[in-house]
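Visitor: Mind having a look at this structure? Questions to follow.
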Amino acid sequence: MEKKKIVVLFTSDVHGKISPYNSQDKSYDGKGYAKVSSVVNTIRKEEENVIVIDNGDMLQGTPLSHYMLAEKEETSQIHPVISACNTIQYDAAVIGNHEFNYGQEKLEQAVKDSNFPWLSANIVKKGTTEPYFGTPYMIKKFDELTVGILGLTTKNIPVWEPERHIDRFDFLDPVETATHWVSYLKNEEQVDVIIIAYHGGFEHDPVTGQYLAVSNGENQGNDLLASFPELDVLLTGHQHLVYHAVTEEDTAVIQSGTKGEFVGRIDLDFEKVLEEDHYQLAHKETSLLPVKDAPADEIILSDIKEIEKEVDDWLDETLTTVSDPSTMQIEDPLKDVWIKEHPMIEWVNKAFLKITGADMASTAFFLTQGMRFGNTLTRRDIHTFYPFANTLVVMEATGEEIRASLEFSASFLTLDADGNPAISEAWKYPRLLSYNYDMWEGIQYTINLQKPKGERITSLTFNGEALDPNKKYRVATSSYRASGTGGYDMFGEEKIIKEFPFGVTEMLIKELENTEEFIPQTNQNWKVLM
């Protein structure tokens, strides 16, 4: 029997990572596009029919990427991430939500500089149903076999991005949009294989049903599977899951983590039906290929060598000195940050208050591992400590809403069998959600872990008086938190009364540049009882 194979390779949520060395301490972590390139090249030599797709959140996420998008003077130089992906020869990419972080002009330039199409059927020109970035799908032909790849993006981008970054676009529902285009691929393009590349994830594991995320329209992978049982492959992302399976309905589903740690692979095996003279898809297999043992592509490393040196020099510039770094070391985030005040968290919140004049402020610790500090604070330190391209906003929230948000945050913590503080199991899926655990300044509060969830905030005052549940207070926080994302549905865009147009990281760097000496201190305005 005559057989044919098509191999689909994909990456997702690489977040600007090219080099296999991390930007914090320059240690080797074995991830990134340079490693991905070698894995892809190896498989291209082994297999005849290969499709390579990036599933979004390509541009944002490293100091190098930020430097090119926000700090470097106007240049004709193509963004290094785009250059790397051009070298890898991706067949297509999907627009991710973080592609919008630096504004629509930067995104449009990246799309223009790419040697591959960017797909997103549901991101359309304002007031129309016309895909903004051109064709919503691509066709790949392998002799008699035709593959259709439809690109879709999570529709919740307007929840996270300021209007100035997205005012040329509408974000349609991915499932509704796919209804039209899947039918078009089948009936008009007459494809043999339908692939949806969706920059979004799942609310529940598509095989086991395990809970993964709240139902808020951000991750509609389950809806796509239910709506299109004829779907052959669903590529997903956004959640940074390491996941692959073939569902009971025989759809291959996969997600490849983050930072280019894996290359997702789907093998589609066809057998020719002689009496009908066409190929039939007989078998699907999914796998995740770790890149850590692959050599880094020397062409890609060579291409970034000059700009890496420029960025390293920029990152290593001293912003200010530190009076006593011994009080700042983070060995274990649980013990050093999440159950007691840390000087950097307090300083970030106080900077928010100083810049905005708000009544109170909140922030999170975004790393899941520790962090070392030296006798100075550099740009590298701040980009490591605050790695996201959020903006600073002021929102109005009632005392009741603030208490509800504190109770939700407090559910991050629990007590283990020995009465020691631990992280609640529910906050560990689909990955550690510590970036949604907030710590506040400007109020005084106590978290009692011996109380049941929802009743743990046992004291809550503002200026020495109990927080008025009906009064509105001005809260300085990140655009991400104010949007209500991550379980904070007591907040929302409608509560934002002011937004500052610069990134939080840049604002913090400016504060340190104007600080003669950083003096680590905490005022113990909150505590955790065990």
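The values are calculated or read from the model by the stated rules, or taken from the named source; none is laboratory data. Note that the structure is a prediction, hence the values are computed from the model and not measured. Glycine gets a Cβ as well: all are built from the backbone with ideal geometry, and neighbour counts include every protein chain shown. Side chains included, ligands, DNA and RNA excluded: accessible areas come from the protein's heavy atoms. Shrake-Rupley method; radii C 1.70, N 1.55, O 1.52, S 1.80 Å.
Visitor: Considering only residues that are closer than 29 Å to Ala252 by Cβ, part of a strand (DSSP E or B) and in contact (Cβ under 8 Å) with a residue 60 or more places away in the chain, which ones fall in region 283-322?
Guide: The answer is Leu289, and nothing else.
Visitor: Taking the criterion of being at pLDDT 95 or above, over 30 Å from Thr62 (Cα atoms) and out of contact with any strand residue (DSSP E or B) (no Cβ under 9 Å at 6 or more places or on another chain), would at least one residue in region 252-273 satisfy it?
Guide: No, region 252-273 contains no residue that is at pLDDT 95 or above, over 30 Å from Thr62 (Cα atoms) and out of contact with any strand residue (DSSP E or B) (no Cβ under 9 Å at 6 or more places or on another chain).
Visitor: Another one. Does any residue of region 219-230 turn out to be under 24 Å from Thr177 (Cα atoms), exposed (fewer than 15 other Cβ atoms within 10 Å of the Cβ) and in contact with a Lys or Arg (Cβ under 9 Å, 6 or more places away or on another chain)?
Guide: yes
Visitor: Still on this model: Which strands (runs of 3 or more DSSP E) does region 465-530 wholly contain that include 2 or more residues that are at pLDDT 95 or above and open to solvent by 30 Å² or more (accessible area, probe 1.4 Å)?
Guide: In region 465-530, the matching strands (runs of 3 or more DSSP E) lie at 472-478, 526-529.
Visitor: I'm trying to understand the selection: among the residues of region 115-141, which are part of a loop (DSSP other than H, G, I, E, B) and closer than 18 Å to Ser12 by Cβ?
Guide: Phe116, Pro117, Ser120, Ala121, Asn122, Phe133
Visitor: Then there is this: Kindly provide the set of residues from region 31-52 that are outside any strand (DSSP E or B), under 19 Å from Trp118 (Cα atoms) and open to solvent by 10 Å² or more (accessible area, probe 1.4 Å), ordered by number.
Guide: Once the filter is applied, which keeps residues that are outside any strand (DSSP E or B), under 19 Å from Trp118 (Cα atoms) and open to solvent by 10 Å² or more (accessible area, probe 1.4 Å), region 31-52 yields nothing.
Visitor: Here's something else I'd like to know. Got at least one residue in region 160-174 being more than 20 Å from the chain's Cα centre (by Cα), part of a helix (DSSP H, G or I) and either in contact (Cβ under 8 Å) with a residue 24 or more places away in the chain or crowded, with 19+ Cβ neighbours inside 10 Å (or both)?
Guide: Scanning region 160-174, I find at least one residue that is more than 20 Å from the chain's Cα centre (by Cα), part of a helix (DSSP H, G or I) and either in contact (Cβ under 8 Å) with a residue 24 or more places away in the chain or crowded, with 19+ Cβ neighbours inside 10 Å (or both), so the answer is yes.
Visitor: I want to confirm something. Restricting to region 54-96 and keeping residues that are of a type in the set (S, T, N, Q) and within 21 Å of Phe388 (Cβ to Cβ), which single residue is modelled with the highest pLDDT?
Guide: Of everything passing the filter in region 54-96, Asn55 is modelled with the highest pLDDT.
Visitor: Which of the residues that make up region 183-215 are aromatic (Phe, Trp, Tyr), closer than 15 Å to Leu119 by Cβ and either open to solvent by 20 Å² or more (accessible area, probe 1.4 Å) or assigned to a loop (DSSP other than H, G, I, E, B) (or both)?
Guide: Scanning region 183-215 gives a single hit, Tyr184.
Visitor: Which of the residues belonging to region 429-466 are touching a residue at least 40 places away in the same chain (Cβ under 8 Å) and of a type in the set (A, V, I, L, M, F, W, C)?
Guide: Passing the criteria: Leu432, Leu433, Met439, Trp440, Ile443, Ile447, Leu449, Ile457, Leu460, Phe462.
Visitor: Follow-up question, since we're still on this one. Grab the strands (runs of 3 or more DSSP E) fully contained in region 346-436, keeping just those with 1 or more residues being open to solvent by 10 Å² or more (accessible area, probe 1.4 Å) and under 14 Å from Leu334 (Cα atoms).
Guide: 413-415, 421-423
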